[in-house]
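To start, the structure under review is shown below, and the notes come after it.
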């Protein structure tokens, strides 16, 4: 230990009044290189993420609240093969062109229904929640823990005992899976919430994210949280904020006060430290002057915010968290790249990469677990046609639709979100480009009949007419000439 103090003493003598980077390196070399990370579990993701970190809170809320504004709709399946094509079309990257094509495809696959029992349930999942708050809970728990648990309640008797009557979102961090081995991976669920509750597996819809971790204990049965991969970025972001607050409170005055007149005893050192903390630390005392009866020297071995790249570390961690959630950093008030065009593309990217994939995942699982109890031929879907950021320029859509003669006017209206014209049956006809006549209408309405024609008689009749006209012209010419001669004689 003596060598440590001798090395420190030599550096203090050499650079007594200045911040010494080498001194900091020596201290940290002997402190060790281990880093204390937060615990890797759902409680950490919620308590140190959503409830503690403003970046995670903003990202999760942005996704959940934006997604809750997209309406759901219930359909009747008309054609299973066309439905498969529709699902394949909407499962990839959504843009304006694909959106319009998918709307046309959906018309062939599905028929829209209204005011069904499933509509009523989703609009009011339980007595204390609306659809908006219910779907936000599902999405938020999924983005924080990688797991979404929807608990359904059915009547014990009566005509509707096979239909779900209430739906609740369970706290993911309080749910455990009870397994019965490889032949029954999920036997039941346990909820630890003001006591232990056991719930049958068929009463819960578990929507989980992909988890590649197989350890033989059933870990793969749970979804993997995005924050598991981003835990170090989360810790970095939290520590950057905490360190920044400490710098502001201490005004970067981390160092040693030393007396030039001799050593300070323990009591004097403590009094000096307490007086310094009381009178000269904190934002209220920033820049104040220190007055002492003795000659003192100050050795600063702390680093300021610029030396530790505090702001750069903070900004880098924000970008990492945004990348994990597929959210453009421009949407978090990042002014460095927030031009108008960038913001338009950022909003479009939010829907394409974060919101639509999340809703598609929820839709698929609800169609598996929830919808069949209300009918074998029903289908739950989300309507993306009203998302302004995914709409192409109207002029380009009109031009494209006007040249698509193989679509009916009603299909064009539907693709442009004008709705179907049910009053005019002609709007369901196909119009060919030559004369824009309905193809079912015949250009010649009367039936064509065979007619026998005597062409010689027609020619002879035409010749008589020609000869008659010629004689009339000669008579007229003679009359005019005689009249002219009579006039000349009279003169």
Extension gain, residue 124 back to residue 219 (0.36 nm per residue minus Cα-Cα distance, nm): 30.8 nm
Could you tell me which of rounded, prolate or oblate describes the stretch 133-227, using a ≥ b ≥ c as the square roots of the eigenvalues of the alpha-carbon gyration tensor, with rounded for a/c under 1.5 and, failing that, prolate when a/b is larger than b/c and oblate otherwise? oblate
What whole number of Å gives the distance from the Cα centroid of the stretch 310-384 to the Cα centroid of the stretch 182-239? 21
Between residue 311 and residue 400, how many nm apart are label points set 7 Å from Cα along the C-beta direction? 4.4
Can you bin the stretch 52-131 into rounded, prolate or oblate? Criterion: square roots of the alpha carbon gyration tensor eigenvalues sorted a ≥ b ≥ c, rounded for a/c under 1.5, prolate for a/b above b/c, oblate for the rest. oblate
How much length, in nm to one decimal, is gained on full extension between residue 203 and residue 420, taken as 0.36 nm per residue of separation minus their Cα-Cα distance? 74.2 nm
So how far apart, in nm, are the two label points at residue 272 and residue 344 if each is 7 Å from Cα heading toward Cβ? 6.5
So how do 220, 100 line up by other beta-carbon neighbours within 10 Å, fewest first? 220, 100
Place a point 7 Å from the Cα of residue 88 in the direction of its beta carbon; the residues of the stretch 97-122 whose amide N falls under 15 Å from it are 102, 105-106, 109
Linear extension gain, residue 243 paired with residue 460, 0.36 nm per residue minus alpha-carbon span: 66.6 nm
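No lab work stands behind these numbers, since they all come straight from the coordinates. Because the structure is a prediction, the values reported are computed rather than measured. No Cβ is skipped: glycine too gets one built from the backbone with ideal geometry, and neighbour counts run over all protein chains shown.
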